[in-house]
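The values are calculated or read from the model by the stated rules, or taken from the named source; none is laboratory data. Quick caveat, the model's predicted, so the values are computed rather than measured. Virtual Cβ from ideal backbone geometry, glycine too; neighbours counted across all protein chains shown. Accessible surface is based on the protein model in full, side chains and every heavy atom, while ligands, DNA and RNA are left aside. Shrake-Rupley method; radii C 1.70, N 1.55, O 1.52, S 1.80 Å.
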Amino acid sequence: MYVEFLVNEAVEDYAFQSTTPEPELLQELIDETNKNMGWPQKLSGRLVGRTLKLLAQLHQPKNVLEIGMFTGYSALSIAEGMPEDGKIICCETNPRAIEFAQTFFDRSPHGHKIEVIFGKALETIETLDTPLDFTFIDADKRNYLNYYHKVLEMTRPGGLIVLDNMLWSGKVLQPESDIDDVLVDLNKEIASDPNVENLFLTVRDGMNVVRKIR
């Protein structure tokens, strides 16, 4: 479940309108996702996507991992900010979403940076042997602690980990379910870990941006 507006709807719309638009191909991807895919609200959207693009542009990561690709909006946003010789590995378990996303990757000037691996992300992570520069986590919330711990081990000092939906529609304030507890515990762990520094952004459904120090 996702509540679109955690802040005043007019304020959210003002932020949206005041942010540099995504490229036309990504706008088309949004439209086609809304028309043809179930759960289109899973798509990251402009504010998250442009945040990811800007972070990648500033950080210039060459080895990137995305856990939970859906229809490819966030992957293309990150790839847009990456250097030409960068590579992003996307983990996804929905074959239809992969097929849909690939049609847009094939049309994008940044699509060559993206490799999609079908299967469970924890299994895919075990096959990777290159230190990570940048990871975006936006998949099943029950596994967020597992994803984060695995990725943190593989992230080079100075690397970034960005976790989406960390406000979980505000449920982290009064946790009632197992998923709520997972996100609350992870936010506490990140904030208290001397080996990382983080910035919790109240963008859309909450983004926790983590930098590994050592």
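Here are some notes:
- Of all residues making up segment 56-110, the number that are more than 24 Å from Arg156 (Cα to Cα), open to solvent by 10 Å² or more (accessible area, probe 1.4 Å) and among the small types (Gly, Ala, Ser): 1
- When the residues of segment 173-183 are filtered to those that are assigned to a helix (DSSP H, G or I) and surrounded by 12 or more Cβ atoms within 10 Å (Cβ to Cβ), the one that is farthest from the chain's Cα centre (by Cα) is Asp181.
- Filter pass, Gly45 being closer than 21 Å to Thr33 by Cβ, modelled with pLDDT of 95 or more and small (Gly, Ala, Ser): no
- The residue of segment 1-55 that is least open to solvent (accessible area, probe 1.4 Å), among those that are aromatic (Phe, Trp, Tyr) and free of Cβ contacts under 8 Å to residues at least 24 places away in the same chain, is Phe5.
- Counted residues, segment 134-169 - those being among the hydroxyl-bearing types (Ser, Thr, Tyr), touching a helix residue (DSSP H, G or I) at 6+ places or on another chain (Cβ under 9 Å) and within 21 Å of Leu58 (Cβ to Cβ): 1
- The residue that is surrounded by the fewest Cβ atoms within 10 Å (Cβ to Cβ), counting only those in segment 184-214 that are of a type in the set (Lys, Arg) and under 14 Å from Ile161 (Cα atoms), is Arg214.
- Among the residues of segment 119-167, those identified as on the phi > 0 side of the Ramachandran plot and in contact with a strand residue (DSSP E or B) (Cβ under 8 Å, 6 or more places away or on another chain) are Gly119, Gly158.
- Subset of segment 111-133 that is of a type outside the set (Val, Ile, Thr) and part of a helix (DSSP H, G or I) - its residue that is surrounded by the most Cβ atoms within 10 Å (Cβ to Cβ): Ala121
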